[in-house]
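The values are calculated or read from the model by the stated rules, or taken from the named source; none is laboratory data. This is a predicted model, so every value here is computed, not measured. We place every Cβ from the backbone using ideal geometry, glycine too, and count neighbours over all the protein chains shown.
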Amino acid sequence: MNLEQKIIDYAKQQAPHEMCGFVVFDGGKMRFIACDNIASEPEHYFEIATDDWLKVQAYDGVIALVHSHPDGEPALSAADQQMQLQSGLDWWLVCDSKLHKFRHIQPLLGRTFVNQAADCLSLCRDAYMLSGQDFPQFDYTFDWYEKGEQSYIDGLAKYGFERLADSQDLQLGDIVMMQVGSSVANHAGLYLGDQLLLHHSPNQLSRRVIYGGYYLQVTHSIWRYKQCSQLNFTAILNNLSLTINR
């Protein structure tokens, strides 16, 4: 039995309680270490004993913290995301007999801009990862748009997005492609609903803005993920909420 199936089976055994544990490196192999859920209401949340946190430090490395949502959503709640930030670990989540993996990321709001590492496209990619779809890194060079290349547009089309007609209404999760001082679309933002846009420009922190005025003027096109109905975009709003309140 492979590692992921072991984790899923253990979660089923612990239901209706949330299960918890760690995935570690042990002698060059990945291993699942189950932990007792010591929460006072284990059917609603989980808590790992301090001793268990200390014990896993003896292994060759901790890969991920694992827990389950027996009757919940296949996405990290605001509380989950807050704890993930504090843990500094990837989190794996069992829900509906599937294992969902969430990379440890910076909060979506307030990021310092780093080209190709923490830029506008990275922001959108991380938001989609939280929602349940982790896309590979897009292939683009530092000065792609100065060469007239369509790297962002090509990447969206490659990974399952389609361009909306001008008459279609925007919805949460749509990617707004903008043309900023360039001959091609070179800036991406994520539509949050209620006329709000999440984006990250050079020399600025990532932020929300009203999608109107200047941003409408520079809009090149709107793109929607073809399988968006299968994603949980509430996870993005959870992340924005925890960033505001922390």
### Task
Being surrounded by 14 or more Cβ atoms within 10 Å (Cβ to Cβ) and either β-branched (Val, Ile, Thr) or outside any strand (DSSP E or B) (or both) is the filter here, so list the residues in the stretch 109-121 that pass it.
Leu109, Arg111, Phe113, Asp119, Cys120, Leu121
### Summary
Within the stretch 34-53, the residues that are more than 14 Å from Ser68 (Cα to Cα) and within 26 Å of the chain's Cα centre (by Cα) are Trp53
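For the stretch 162-196, enumerate the residues that are under 21 Å from Thr112 (Cα atoms) and either among the hydroxyl-bearing types (Ser, Thr, Tyr) or in a loop (DSSP other than H, G, I, E, B) (or both).
Matches in the stretch 162-196: Val180, Asn186, Tyr191.
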### Query
Is it the case that Ala127 is in a loop (DSSP other than H, G, I, E, B), among the small types (Gly, Ala, Ser) and crowded, with 18+ Cβ neighbours inside 10 Å?
no
### Query
So which residues in the stretch 197-232 are in a strand (DSSP E or B), over 17 Å from the mean Cα position of the chain (by Cα) and aromatic (Phe, Trp, Tyr)?
Trp223
### Task
Please identify the pairs in which a residue from the stretch 46-75 that is of a type in the set (S, T, N, Q) has its Cβ atom under 6 Å from the Cβ atom of a residue that is surrounded by 13 or more Cβ atoms within 10 Å (Cβ to Cβ), counting only partners at least 6 apart or on another chain.
Ser68/Ala11; Ser68/Glu18; Ser68/Met19; Ser68/Val94
### Task
Could you tell me whether the stretch 197-214 includes any residue that is farther than 30 Å from Gln86 by Cβ, modelled with pLDDT of 95 or more and of a type in the set (A, V, I, L, M, F, W, C)?
yes
### Task
Working only within the stretch 193-219, note down all residues that are buried (at least 19 other Cβ atoms within 10 Å of the Cβ) and either in contact (Cβ under 8 Å) with a residue 24 or more places away in the chain or in contact with an Asp or Glu (Cβ under 7 Å, 6 or more places away or on another chain) (or both).
Leu198, His199, His200, Ser206, Tyr211
### Query
Under 8 Å by Cβ, and 6 or more places apart or on different chains, what pairs join a residue from the stretch 95-114 that is at positive phi and free of Cβ contacts under 8 Å to residues at least 60 places away in the same chain with one that is of a type outside the set (Phe, Trp, Tyr) and buried (at least 17 other Cβ atoms within 10 Å of the Cβ)?
Asp96/Pro74
### Query
Only one of (1) farther than 24 Å from His104 by Cα; (2) touching a Cys at 6+ places or on another chain (Cβ under 9 Å); (3) among the small types (Gly, Ala, Ser) is not met by Ser151, so which one is it?
(2)
### Query
In the list Leu172, Leu190, Leu164, which residue meets the criterion of being in contact with a helix residue (DSSP H, G or I) (Cβ under 7 Å, 6 or more places away or on another chain) and buried (at least 16 other Cβ atoms within 10 Å of the Cβ)?
Leu190
#### Entry: Number of the exception - Leu85 against (1) closer than 30 Å to Ile48 by Cα; (2) modelled with pLDDT of 95 or more
(2)
### Message
touching a Gly at 6+ places or on another chain (Cβ under 9 Å) and surrounded by fewer than 20 Cβ atoms within 10 Å (Cβ to Cβ): which single residue out of Pro74, Pro70 fits that description?
### Response
Pro74
